[in-house]
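Below: the structure, in structure tokens.
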Amino acid sequence: MSLPMSFPTEQFLGGVAAAAAVAIAARRARALSRSGAVATALLGSVTFGLGGVAWAAPLLAFFVFSSLLSAISKRRARRDFAEVFEKGGERDAGQVLANGGVAGVAVVLNFLHPDPLWYAAFVGSLSAAAADTWGTEIGVLSRGSVRSVLTFRLVPPGTSGGVSLVGSVGSVAGACLVAWVGALFVGGSLRFAIGATVAGIAGAFADSALGATVQAGYRCPHCLADTERKEHCGAATELVRGFAWANNDAVNLACCLVGAIAAAALLVWSE
């Protein structure tokens, strides 16, 4: 996992080419906006170029499977929440960096100061991102009840901080996928896989808790619909809960940071 301080020029150039190819393909598939494609290419170049396959594989697993789920969700259910969610199906640079920025920092820190903890943090952050993404994308396909993660009261589908049984199963599945892909590169360690999975679930729980408390929620003054958007029905919406600075990207970033810290802490604790 650790890299020598000599810069791996050939590996980095190969990473740039591979990341650019993935970003272009995702852009053509309308999984990414233009800014999202640029951010993905940069993140992928750093991850593969400085970390190699062991670091690129969990990132690719998260990105590919999450994009596929988003495509399915967009066709079947996201249209019902188009006016609720802050952003649409094409992920922009903010979303890419919110979900992958912590992982990117871990790659760079490991290159500068090699330590197994950075890889644990890397996988934990992506496990959390997958848990959150899968929980949302699978959750919106469910017609079951949605409850607040804090009060357990019924809330409308799509509400920040709301969880469902189907969405929760999706969260666990997403965390497991990324965790096990990462574990393959540390000798198939069951301890590592379980730790990264638990860390991912912890990150997703933190995301839901923050979504129910500090994340900005708005109300349209015309149709009285609750939304994450600052505009609705062609007019500015009113902030009714949370803080204006705490948008979905900020909450996702916190989710990944919790996953990274939890994974590193669990690795230390288990040794």
*Can you tell me the order of 59-65, 184-190 when each peptide is scored by its average per-residue count of other Cβ atoms within 10 angstrom, highest first?*
59-65, 184-190
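Write down the accessible area per residue of region 12-62 in Å², having rolled a 1.4 Å probe over the full set of protein chains. Please list the in-between numbers first.
Details: 2220 Å² over 51 residues.
Accessible surface, normalised per residue, equals 44 Å².
Once a ≥ b ≥ c are taken as the square roots of the eigenvalues of the Cα gyration tensor of region 158-271, is the result rounded (a/c under 1.5), prolate (a/b larger than b/c) or oblate (a/b not larger than b/c)? Walk me through the numbers on the way to the answer.
Numbers: a/c = 3.57, a/b = 2.66, b/c = 1.34.
Because a/c hits 1.5 or more and a/b exceeds b/c, region 158-271 counts as prolate.
Would you kindly state how much longer the chain becomes between Leu190 and Thr213 on full extension, computed as 0.36 nm times their sequence separation minus their alpha carbon distance, in nm to one decimal? Please list the in-between numbers first.
Numbers: separation 23, 0.36 × 23 = 8.28 nm, distance 3.47 nm.
This chain segment gains 4.8 nm when fully extended.
Could you tally the net charge around Leu165, taking each other residue with its Cβ under 13 Å from the Cβ of Leu165, Lys/Arg +1 and Asp/Glu -1? Mind dumping the intermediate values first?
Working: positive: Arg143, Arg147; negative: none.
Residues near Leu165 contribute +2 overall.
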*Which of the peptides 48-55, 97-104, 195-202 is most tightly packed, and how do the rest follow, going by the mean number of other Cβ atoms within 10 Å of each residue?*
195-202, 97-104, 48-55
*Figure the gain on full extension for Val64 and Ala21 (residue separation times 0.36 nm, minus the Cα-Cα span) and round it to one decimal in nm.*
14.2 nm
*What net charge is computed for the residues neighbouring Asp207, neighbours being all others with C-beta under 13 Å from the C-beta of Asp207, Lys and Arg scored +1, Asp and Glu -1?*
-2
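What area, in nm² and to one decimal, does the C-alpha convex hull of the chain cast on average over all directions? Intermediate results must be reported in sequence, preceding the final value.
Numbers: hull surface 56.0 nm².
Spelled out: convex hull of the Cα atoms, projected over all directions, averaged, 14.0 nm².
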_Accessible surface of region 171-263, 1.4 Å probe, proportion on carbon and sulfur as whole %_ = 68 percent
*Treat each spin label as a single point 7 Å out from the Cα along the C-beta direction, and report the Ala173 to Leu154 distance in nm.*
2.6 nm
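Only bridges whose two residues both fall in the chain count here: according to DSSP, what percent of them are antiparallel, nearest 5?
On the way: 10 of 12 bridges.
Antiparallel bridges: around 85 percent, rounded to the nearest 5.
For every other residue with a beta carbon closer than 12 angstrom to the beta carbon of Gly100, add +1 if it is Lys or Arg and -1 if Asp or Glu, then tell me the sum. Write down the numbers at each step before the final one.
On the way: positive: Arg91; negative: Asp249.
That sum, taken over residues with Cβ under 12 Å, equals 0.
Could you check how much of the accessible area of region 28-72 is carbon and sulfur, as a whole percent, using a 1.4 Å probe?
Details: 1450 of 1920 Å².
It is 75 percent, rounded to a whole number.
I'd like the FRET efficiency for Ser270 and Leu13, computed as 1/(1 + (r/R0)^6) with the beta carbon distance as r and R0 of 35 Å, rounded to 0.05. Could you put the intermediate results ahead of the total?
Details: r = 37 Å, r/R0 = 1.06.
Efficiency, from the Cβ-Cβ distance: 0.40.
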*What residue among Gln11, Gln95, Gln215 has the largest mean-square fluctuation in a Gaussian network model of the chain, using Cα springs under 10 Å?*
Gln11
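Leaving out ligands and nucleic acids, note down the accessible area per residue over region 128-271 with a 1.4 angstrom probe, in whole Å². Display every interim value, and only then the final one.
Working: 6980 Å² over 144 residues.
Per-residue value: 48 Å².
The values are calculated or read from the model by the stated rules, or taken from the named source; none is laboratory data. Note that the coordinates shown come from a computational prediction; the quantities given were computed from them, not determined experimentally. All Cβ positions, even for glycine, are placed from backbone atoms using ideal geometry, and neighbour counts span all protein chains on display. The area values use the complete protein model at the heavy-atom level, side chains included, leaving out ligands, DNA and RNA. Shrake-Rupley method; radii C 1.70, N 1.55, O 1.52, S 1.80 Å.
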